[in-house]
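Novice: Mind having a look at this structure? Questions to follow.
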Amino acid sequence: MSKITSVLKSLGETGQINGPLCGLPPPNFFTPFSEQTHTSRVGQIPTTSNAILGVPSKNSTGPTHHRRTLDMSLPGNTEQTDPQHAHLLATRWLSAGKLAELVRTEGLVYKKGKFSAIEEHQLKAAMEKYRTGNHLTEEQLQDIIFPKNEKSRNNVFWTELTFAVPQRPIIAVYHHIRRAYHAIQPKGPWTPNEDALLKQAVTDLGQRWEKVSERVGRRSSDCRDRYRNHIQGREKRVTGPWSKAEEEKLTRIVTDMTINQGRDIDNDVFWGKVSELMDGTRGRQQCRIKWTDALSKTVKNEGKKPRWGQQDAFILIHKIDSLNVRDDTEIDWKTLPDPDWNLWSAHTLQRRWLTMKRSIKGFEDMTHQEIIDILRVKKAHLPVINPASQSKKRKERKVTSAEAVSEPTDGNGNHGANTNFVARQGDESSSGDFEDSSSGSSSVSEDD
């Protein structure tokens, strides 16, 4: 902790000047990390926003990749893994349908979404242990991962790897490792010639992505996502700013699919179906970005566009802290909203967290908990607002003429400065999950 002492000290002095956040307990009321218990990422329920703020709940119901410094000495989620479930997941090649059935009938708990930085570390260590323990060369290990005959798959190898990442099904580990160690490495932007080749390959072969990959020379997942998001229905696709009529239509479609059927407005949306209902004029990626970044929070706030405030930052930091994860790639961002704090989508919360984290100098060399410790103090105070000056500003705004007001440029569906950040998620190299713009670390998955 010595390397963050000076940062915390300076933040503490700043806090004494600004004064404490009204109605909130002082920063030292939180339990030291060493005294907290660690629970599984899957099924975790973070502290509620009202518990963080110290106020009664209004509703009694309802529950990046950069250079990372990982603290592997902390206990992981193995303590919370049912041994029988772990054995089942590591030894049985279960389809998605069978897994869903076991969730309903047997209470099976398993992970979906992108693999965390911790899991990547664990898999790499397990592979090296298997290689050295069996006196294999790197080439021989590669032959096990990519056997010439798929029927000769080495189940012992895949089972050992799966035991290293509890709550992951063996089939998920199999596909993840084969993607990570594939001979075809990720390439840059798609060229028009590649798009034409992909379109023809799908026409000839259908959506058999492994076969398409061999012809196109791109990974199967890249071919799939490029085709779904950019090629399919391109002749009808509209680009650029969304019209008011389009926004209203998208809102009707999503609310009919979710709210009107008692489903979650952010997490129970099938974007491929939404795109179809938009008559194909907007792709599933366009619809998802427009909804999660712009329309969702406005619908939840009764038609008014909410603004992210310092209290939201305070709540977000302490919710993340309550999860006791070892790295932010282990966070299931969909669990963070609660009945009294639900304007922000999982997509938005992850982006806000990345912005706050990157505001700390040298964050790349800090563990997740060290970052949390700094942000907990940094966001523990709000600036003192002078009521008189605030009232004066309101009066000044009332007399501003309509001609003098510049129209905001955020109404084009691209969401200002976030356009490139979100658009880079578009090729969805791993099933369309939201990820850090520089990598692929995330846990927010697109359903389709």
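Novice: Output the residue which, of all residues in region 165-179 that are in contact with a helix residue (DSSP H, G or I) (Cβ under 8 Å, 6 or more places away or on another chain) and open to solvent by 30 Å² or more (accessible area, probe 1.4 Å), is nearest to Lys129 (Cα to Cα).
Specialist: Going through the qualifying residues, I end up with Arg178.
Novice: Given region 208-290, what helices (runs of 4 or more DSSP H) lie entirely inside it while holding 2 or more residues that are farther than 28 Å from His176 by Cβ and in contact with a Leu (Cβ under 9 Å, 6 or more places away or on another chain)?
Specialist: 244-257
Novice: Right, something else. In this structure, is Leu136 more than 19 Å from Leu89 (Cα to Cα), open to solvent by less than 50 Å² (accessible area, probe 1.4 Å) and either at pLDDT 95 or above or not in a helix (DSSP H, G or I) (or both)?
Specialist: yes
Novice: Taking region 83-112 on its own, how many of its residues are in a helix (DSSP H, G or I) and either surrounded by 12 or more Cβ atoms within 10 Å (Cβ to Cβ) or in contact with a helix residue (DSSP H, G or I) (Cβ under 7 Å, 6 or more places away or on another chain) (or both)?
Specialist: Summing the residues that are in a helix (DSSP H, G or I) and either surrounded by 12 or more Cβ atoms within 10 Å (Cβ to Cβ) or in contact with a helix residue (DSSP H, G or I) (Cβ under 7 Å, 6 or more places away or on another chain) (or both) in region 83-112 gives 14.
Novice: Right, next: List the number of the failed condition for Pro186; all other conditions in (1) loosely packed, with under 15 Cβ neighbours inside 10 Å; (2) part of a helix (DSSP H, G or I) hold.
Specialist: Single failed check for Pro186: (2).
Novice: Considering (1) over 24 Å from the mean Cα position of the chain (by Cα); (2) surrounded by 20 or more Cβ atoms within 10 Å (Cβ to Cβ); (3) β-branched (Val, Ile, Thr), say which one Val274 fails and leave the rest.
Specialist: The one condition Val274 does not meet is (1).
Novice: May I ask you to list the residues in region 291-337 that are of a type in the set (D, E, K, R), outside any helix (DSSP H, G or I) and open to solvent by 10 Å² or more (accessible area, probe 1.4 Å)?
Specialist: Glu302, Lys304, Lys305, Arg307, Arg326, Asp332
Novice: What are the pairs, 6+ residues apart or on separate chains, where a residue within region 363-379 that is among the basic types (Lys, Arg) has its Cβ under 8 Å from a residue that is outside any helix (DSSP H, G or I) and open to solvent by 20 Å² or more (accessible area, probe 1.4 Å)?
Specialist: Arg376/Phe30
Novice: Can you pull out the residues in region 159-180 that are modelled with pLDDT of 90 or more and of a type in the set (S, T, N, Q)?
Specialist: Thr159, Thr162
The values are calculated or read from the model by the stated rules, or taken from the named source; none is laboratory data. In this text, all values refer to a predicted model and were calculated from it rather than measured experimentally. With ideal geometry, Cβ positions are generated from the backbone for all residues, glycine too; neighbour counts draw on all protein chains shown. The protein model used for the area step is the full one, side chains on, heavy atoms only, and it has no ligands, DNA or RNA in it. Shrake-Rupley method; radii C 1.70, N 1.55, O 1.52, S 1.80 Å.
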